[in-house]
Structures are given as structure tokens and as C-alpha cells.
Amino acid sequence: MGIVLVRHGRVEISDGRRFKGHGVDLTPLSPEGVSEAEAAGRALVASPPDLILSSPMTRALQTAMIISWHVQRRVVVEMDLHEWMPDDRQDWQDGTIPQAAAADMEALGGEWPPGETRRWEPLSVVRSRVEAVLDRYREVGELLVVCHSVVIQAVAGVAACGHCEPVPFVRV
């Protein structure tokens with residue numbers, strides 16, 4: 001099975017101000033994000049995946065649907081491909097809490113210290129939920145997974161990837 005992970009296109013962050021916590025995940029792609037998804041779709045036309053999996057978050061789902069239109073492949077929405085959870089209370093109204101959680105996660109190498117817990121989701125938990133999704137598609141030849149940067153970091157070990165940048169992933 002060949003797997004390519006793709007981070008969603010760019011969003012207009014200011015659109016998220018009217019939402020609270022994970023409500024920000026309803027924010028659609030910006031015009032630039034739409035262009036990025038269009039370019040990703042055109043790049044895949046010559047060698048399309050057999051199936052596209054998508055996070056349920058609007059930005060990933062919109063990216064997946066744009067790519068799908070270009071390559072004429074089905075999209076399956078998988079709930080466990082969702083974005084990393086920076087705070088289990090899900091009640092923040094600006095970027096302060098997610099930014100602090102991301103800094104703490106980075107400082108700790110993505111995992112909670114032994115015997116301690118945090119409100120953010122450790123990378124090992126992200127990896128486990130995504131691996132469980134991928135296990136259900138072992139019989140698919142070429143798989144495109146549209147998701148989020150922290151998901152790609154947890155699964156493929158790529159700490160920084162651009163919007164709509166393909167990241168080939170080989171499962172061990």
C-alpha cells in the first residue's frame with residue numbers, strides 16, 4: 001500500500017474568531033488555500049490515488065473534495081483523522097491556549113512527562129488513532145490522506161510541512 005499524506009490548504013484565521021474551541025475547525029479554506037488544493041489535484045491527475053481519506057475538519061474536507069474533483073476518486077471521511085487536540089476543554093476563543101499547548105508539546109517532545117498529564121493530546125495518541133484508520137485500508141493500493149500538520153508529524157515524523165505538500169509515508 002502506498003500512502004501519501006497531504007496537509008490541508010490555508011485558511012483565513014480571522015474567520016475563526018466567531019467560533020469557540022474546536023468550532024474553529026469549521027473555518028473554510030481561504031482563496032489561497034483553494035488555489036493550493038487545485039494545484040495539488042492537478043499534480044495528481046497523471047498518477048491518481050485509488051482512494052482519498054479526509055479528516056472531518058472543514059479545511060481538510062474541502063481540500064479533499066477539490067483534489068477528488070481533479071482525480072475523479074471517492075473521498076471517505078474518517079473521524080479519527082481529526083486535528084490534534086490542544087486542550088480537552090475545547091472552550092478557548094483565541095489562539096492563546098492552542099499556542100501555549102503547542103509550545104509545551106514541542107518542549108516535551110510530543111509526549112507527557114512520566115507520571116504527569118496535560119490537557120493536550122500526546123503525539124503517541126494521535127499516531128494510534130491514525131494508525132487504526134490506516135489499518136482499515138490495508139487492501140487499498142494508493143491512498144491519499146488529507147489531514148493536518150500535527151497528524152503528519154505524529155505519523156510520519158515530519159515536523160513541518162507546507163499546505164497541500166505531499167508527504168510520502170511508508171508504514172512499518
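In this structure the amide hydrogen of VAL76, modeled in the peptide plane, comes within under 5 Å of the amide hydrogens of ILE52, LEU53, SER54, none closer than 5 places in sequence on its chain. Here the Karplus relation 6.51 cos²θ - 1.76 cosθ + 1.60, evaluated at θ = phi - 60°, turns the backbone of the stretch 41-54 into coupling constants of x, 4, 5, 8, 4, 5, 9, x, x, 7, 8, 10, 9, 9 Hz, with x for every Gly and Pro.
Taking Cβ atoms as reference points and 14 Å as the exclusive limit, the residues near MET65 contribute a net charge of +1, counting Lys and Arg as +1 and Asp and Glu as -1.
For LEU5, the residues 5 or more places off, or on other chains, whose built amide H falls under 5 Å of its own are VAL145, VAL167, PHE169. Couplings 3J(HN,Hα) for the stretch 117-134, derived from phi with the Karplus relation 6.51 cos²θ - 1.76 cosθ + 1.60 (θ = phi - 60°), are 10, 9, 7, 8, 7, x, 4, 4, 6, 4, 4, 4, 5, 6, 4, 5, 5, 4 Hz, where x marks Gly and Pro. Taking a sphere under 10 Å around the Cβ of GLU165 and counting the other residues whose Cβ falls inside, with K and R at +1 and D and E at -1, yields a net charge of 0. Dipole magnitude for the stretch 2-169: computed about the Cα centre from +1 point charges on Lys and Arg Cβ and -1 point charges on Asp and Glu Cβ, it is near 320 debye. Taking θ as phi - 60° and the Karplus parameters 6.51, -1.76 and 1.60, the scalar couplings of the stretch 140-151 work out to 7, x, 10, 10, 10, 10, 9, 8, 10, 4, 6, 5 Hz in sequence order, x denoting glycine and proline. Distance between the modelled labels on VAL76 and ALA103, one decimal in nanometres: 4.1 nm (7 Å Cα→Cβ projection).
The packing ranking of peptides 104-115, 46-57, highest mean first, is 46-57, 104-115, where packing means the average number of other beta carbon atoms within 10 angstrom of each residue.
Laboratory data are not the source of any read-out in this text; all were calculated from the coordinates shown. These numbers were taken from a predicted model, which means no experiment stands behind them. FYI the Cβ positions are ideal-geometry reconstructions off the backbone, even for glycines, and counts take in every protein chain you see.
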